[in-house]
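**Q** Sharing a structure, written as C-alpha cells. Questions coming.
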C-alpha cells in the first residue's frame, strides 16, 4: 500500500537491522549497501502487538534535489513474507494520486504497485528496486508540479535546460513559506575519480549547482537573480573545497543556459589544478623525508598529512604535518607530540597548531622543508620545556 504519512507512535528504541526478522533485515542491508545514492535509516520501531522487541518499521531518508525526502516503510513482523506499505511525507499529499494516474497511463508496467503485487520476500533486491522506482516517479511528479507553475520566467528557464541530463527539481510551498522552485544541476562531465591515482572513493564524485527561484505570480520587468550555491559530494573535499570557489556574477536578464558554461569552464580549470596539487604535496612530503627521515605515517593518496619522528638530544617527539588543499598558497600546520610525556589522563602531550614560522609560497619545495626543519630545531626546546612544566604532570 502507498499512502500519505500520518505521524505514528514510535518506540524510542533504536536498534540495528539485525533485530528485524531475517527476511526484512536482508532487504534493509541490501538497500543500504547497494542504493546508488545516499540513503539511511532515521528511525526504527516495532508495530507488533505480540513481538514488541522486533523492529519492522522504519523511516527512510533518501537524497533528492540536494536535500532529502523521508518515507516510512512499514513491514509486518508477524507476516515477514508480505510486501511493505510505504507512507509518504505530509508535503507530498498529491504524490499517491500521481502514482495511480501514472500507472493507468503506462498500463501498470512501471508502477510501484506492480513491485508490491509481485513481491518476493526471499529476493533481497526487492526493497531497493521499489525505492529506486518510487524515487524516479517522485522526480517525474516534481517536474510535473514545476511545469504547472504560472510563472513565465520559470517556464523559459526550464525550456532552455530541458535537454540537460541529471537535473532534478522540487516545488516547495506552504501556508507559512513562499513558493519556490529549486533546481539541482550536475556540473562537469568529467570522471574525477579516475583522475586521482589509488582513489578510494566508492561513489563517483560530483559537483552540483543549486538554483532557487521565487515563484512570481505577476510580470516583473527585471527579475532578481536566483539564489545560487555550489554543493559537492563529501569526499571531494579531500582535494577540492567548493567553499573556495567564487561564483560568477549573475547579470541582469541572464538565464541558466547562459550562466552554466562560464561556471563550468572555471570549475573545470580549478578541479584540474586541485588534482595537480596532489603531486605538489607529495613532493613536499618527500622533501620533508630528506630532512626528518622516512615518515611514520603518510596519506599516500591525497598527501594531506604526514607524521615524522624527530629528536632534540635525548628528547624524542613526533611532528604531525597537516597540508591544506590550498598548499602552497596556504602553509601547512605543524603539531608536536611528545613520545615521553603524558598528561594526567595518560594522553601524550601535544603542542598547539604551529603556523608562525618562515614561509613563502614562492620558495622551492626543498627550501620549504629546510626552513621547517630549522624552525623546529629551536621550537623543540620550547616544546620540551612546555612538556616538563609541573602542572602538566598532575
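**Q** If I take R0 = 22 Å and measure r between the Cβ atoms of residue 314 and residue 357 in this structure, what FRET efficiency does the formula 1/(1 + (r/R0)^6) give, to the nearest 0.05?
**A** With R0 = 22 Å, the Cβ-Cβ based efficiency is 0.35.
**Q** Sort 263-269, 42-48 by packing, meaning the average of other beta carbons within 10 Å per residue, with the highest value first.
**A** 42-48, 263-269
**Q** If each residue's Cβ is checked for other Cβ atoms within 10 Å, how do 135, 362 rank with the fewest at the top?
**A** Ranking 135, 362 by Cβ neighbours within 10 Å, fewest first, gives 362, 135.
**Q** What is the mean projected area of the alpha carbon convex hull for region 233-293, to one decimal in square nanometres?
**A** 5.6
**Q** Would you compute, from DSSP H runs of 4+ residues alone, the mean residue ellipticity of the chain at 222 nm, taking -39500 (n - 2.57) per run and dividing by the full residue count, rounded to the nearest 500?
**A** Taking each H run of at least 4 residues, the total per residue is -10500 deg cm²/dmol.
**Q** Over the chain, what per residue volume does the convex hull of the Cα atoms give, in whole Å³?
**A** 217
**Q** How far is helix 95-105 tilted, in degrees, relative to the longest principal axis of the Cα atoms in the chain, given as a value from 0 to 90 rounded to the nearest 10?
**A** Helix 95-105 sits roughly 60 degrees off the main axis of the chain.
**Q** For region 160-291, what does the alpha-carbon gyration tensor say about shape, rounded, prolate or oblate, given a ≥ b ≥ c as the root eigenvalues, a/c under 1.5 as rounded, and a/b over b/c as prolate?
**A** Prolate, since a/c reaches 1.5 and a/b exceeds b/c.
**Q** Moving on. Connecting C-alpha atoms closer than 10 Å in a GNM of the chain, tell me which of 229, 194, 49 has the biggest fluctuation.
**A** 49
**Q** Same structure again: Where is the GNM fluctuation largest for the chain (alpha-carbon springs, 10 angstrom cutoff): 181, 271, 245?
**A** Evaluated over the chain, the most mobile residue of the options is 245.
Any read-out appearing in this document is the output of simple, stated calculations on the displayed coordinates, not a laboratory observation. As the structure is a computational prediction, the values presented were derived from the model and not from experiment. All Cβ positions, glycine included, derive from the backbone under ideal geometry; neighbour counts span all protein chains shown.
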